[in-house]
Amino acid sequence: MPLADTDRIARQDVQSLTRALLLPRVIEEKMLRLIRQGRISKWFSAYGQEAISVGTTWALEDRDYILPMHRNLGVWTTREVPLRELFCQLVGREGGFTKGRDRTFHFGLPEKRIVGMISHMGAMLPVACGIGQAAQYQDEDFIALAFTGEGGTREGDFHEALNLASVWNLPVVFVVENNGYGLSTPAEEALPVDDVAEAAAGYDMPSEIVDGNDVLEVIDAVQSAARWARQGQGPVLLEMKTFRVRGHEEASGTDYVPDELIEEWKEKDPVDRFERLIVEETGLLGEEEVEDLRAELEQLVDDGVEYALDQPEVESTPETERGDLFAPTPAATPPADGASDEKRFIDAISDALWQAMEEDEDLLLMGQDIAEYGGAFKVTDGFVDAFGEERVRNTPIIESGAIGAGLGLSIEGLKPVVEMQYADFISCGFNQTVNNLATTHYRWGQPVNVTIRAPFGGGIGAGPFHSQSMEAWFCHVPGLKVVVPATPYDAKGLLLAAINDPNPVLFFEHKKLYRSIKGHVPEGRYQLSFGDGRVAREGSDATIVTYGVGVHWALEEAEHQAETSGASIEVVDLRTLVPWDRETVLESLDKTNRLLVLHEATRTGGFGAEIASQITEEGFEKLDAPPTRVASEDLPVPFSRSLEKDVFSAASKLRPSLEQLLAY
């Protein structure tokens, strides 16, 4: 490299930068020895790629967020993460950052402004957009920089994130580490172009191709990109060209890589290259100084790793693990004495959102067509005029991108509410919901205050893709709360609770109920507790346990039975499915001794099976008949109203099933 390129680096910077570049290399060498010795089982090597992580982190301000991947050890060391704790994390012993709950770099350190990865490629890029959105909204000058590999650029999240960052002009830098291989697949077999940087043109953002094995070039490129983003000029895409000279993970080897290609890239080794520059070409440091520094770091790493390996294996209890799944939840707030109005279900939801927006400037709404148009069902009609475009934002059609951005906003302490136009479309954001939102607090203690509003259910002739009841998908995922209100009163109180809950909440709103039911709703603020069901109708002959629209079916059927057969049916409205109220159901069975579980969702794998199973296990002696499940047919929801009502729907099966239960 020409001498002119080093003139700007003062001697003390060279010493610090040399140390920063050498430290991850020394750790790499130690880990590779441990693998060969059988003392650790797995290692994702960044050997030969250190200049990217170190140079990128060196170029940023401490206030900037970095979202690294599993070959970005240099991010953690350059941000001076305590080595003993880091080594405990890397070798999976007591004292690591995730309490043994996740591996290597799958965690975050808020105090270091680092947000670690999940294994799904590209998933953290929309999160960076949310962090950038938070900076923009709070009028702060930090940026977010997120890494991905060239393979991850084939994922939808890459394109959704670039699109969102561009249309919202967010202060985000995307760094693509193009290291030639995705596991064993060469980049040329996965990419239709030689340069990923070309993708930036499609999103109207600047890009640059960078020699990722030249730490000084990396620093220059990142400083320039960060300056651009920090000044409000929008996102930047940097493609760092490098090469993976080790296996995808160490045990997989490199037999699929031509030997001559590895040798070619070894000549471009970033550590050797920088040492030649500072010792032989510029004389900024002497050879002995570098050797002494390496020896010092080797001793530091040896001591730290051996300390970590001497620590005990991680131990815990089921109670401790369950206790860390969710962040602590605020207590319920009863409604104050005062006026109440009769409101439709949809108006109660809108009222809750409006009241929360008035009281809390940290609350932001995002979703497709929610601003000027007011949303597909007009829940947010008029909101943008009252609260402004920064707080009520139309998103592109990017469910995954919007949910991921919600996580980024929550990391900065904001409270995003993300509307799915129809709950059916959340399948496009499934990964962000079940793998990112759901696991974050358990893995590294980060509260995730994200509420996903999901209009769901049938009864309006909308066909297979606008009528699904998919609540059971999310009940199966630890770390998510699932709420299904049945009344206007509950809709407001539960939505306000969701907005203030520092955990991800799926809030299912039944479309059929929006304008078909009314109820008294207090004007003031109140919050209901999750996990507290209610007895919607007292009875003595059988208990129907249900939620959402099923509550209204059950109440109607209970009235019919009272008038025609004299049977007294108790109806329990669960209100929330995660957590759900076992105690109220068991107390009801003390009176009725018969259980029917009702839901609109299809039968197989429905949440009703969980209820029936749990109640049978805990309250078998209370039952005078086998529990009965009533659910919809295992079919896609038909478009024809008559097919849906008479063939598909659980409502058509309720009466004969209940009468059979009563006659048992």
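The values are calculated or read from the model by the stated rules, or taken from the named source; none is laboratory data. Because the structure is predicted, anything quoted here is derived from the model rather than measured. Neighbour counts run over all protein chains shown; Cβ positions are idealised from the backbone, glycine included. Each accessible area value is taken on the protein alone, full model and side chains, heavy atoms only, with ligands, DNA and RNA left out. Shrake-Rupley method; radii C 1.70, N 1.55, O 1.52, S 1.80 Å.
Quick notes on this structure:
- The condition of being open to solvent by 30 Å² or more (accessible area, probe 1.4 Å), in contact with a Ser or Thr (Cβ under 8 Å, 6 or more places away or on another chain) and over 30 Å from Glu208 (Cα atoms) holds for only one of Ser316, Ser252, Ser340, that being Ser252.
- Test: residue in the stretch 495-509 that is hydrophobic (A, V, I, L, M, F, W, C) and farther than 30 Å from Thr320 by Cα: no
- Test: Val535 is over 24 Å from the mean Cα position of the chain (by Cα), among the aliphatic types (A, V, I, L, M), within 21 Å of Leu596 (Cβ to Cβ) and open to solvent by 20 Å² or more (accessible area, probe 1.4 Å): yes
- Failed criterion for Val647 (all others in (1) part of a helix (DSSP H, G or I); (2) under 27 Å from Val578 (Cβ atoms); (3) of a type in the set (A, V, I, L, M, F, W, C); (4) open to solvent by 70 Å² or more (accessible area, probe 1.4 Å) hold): (2)
- Evaluation of Trp354 against (1) closer than 21 Å to Arg515 by Cβ; (2) in a loop (DSSP other than H, G, I, E, B) (one fails), failing number: (2)
- Residue within the stretch 361-380 that is of a type outside the set (D, E, K, R), outside any loop (DSSP other than H, G, I, E, B) and open to solvent by 60 Å² or more (accessible area, probe 1.4 Å) present: no
- Pick from the stretch 226-249, criterion basic (Lys, Arg) and at pLDDT 95 or above, ranking: surrounded by the most Cβ atoms within 10 Å (Cβ to Cβ): Lys241
- Residue check, Ile143 in contact with a strand residue (DSSP E or B) (Cβ under 7 Å, 6 or more places away or on another chain), over 20 Å from Phe105 (Cβ atoms), among the aliphatic types (A, V, I, L, M) and at pLDDT 95 or above: yes
- If the condition is being in contact with a helix residue (DSSP H, G or I) (Cβ under 6 Å, 6 or more places away or on another chain) and surrounded by fewer than 22 Cβ atoms within 10 Å (Cβ to Cβ), then the stretch 60-80 contributes only Arg79.
- Residue match in the stretch 22-35 (condition: at pLDDT below 90, over 21 Å from Val210 (Cα atoms) and either among the small types (Gly, Ala, Ser) or open to solvent by 10 Å² or more (accessible area, probe 1.4 Å) (or both)): yes
- Top-ranked residue of the stretch 392-413 - restricted to ones that are part of a loop (DSSP other than H, G, I, E, B) and surrounded by 19 or more Cβ atoms within 10 Å (Cβ to Cβ), ranked as farthest from the chain's Cα centre (by Cα): Thr395
- Hits in the stretch 602-611 (condition: open to solvent by less than 20 Å² (accessible area, probe 1.4 Å) and under 22 Å from Ile569 (Cα atoms)): Phe607, Gly608, Ile611
- For the stretch 577-588, residues that are in contact with a Gly (Cβ under 6 Å, 6 or more places away or on another chain) and either in a helix (DSSP H, G or I) or under 19 Å from Val549 (Cβ atoms) (or both) total 3.
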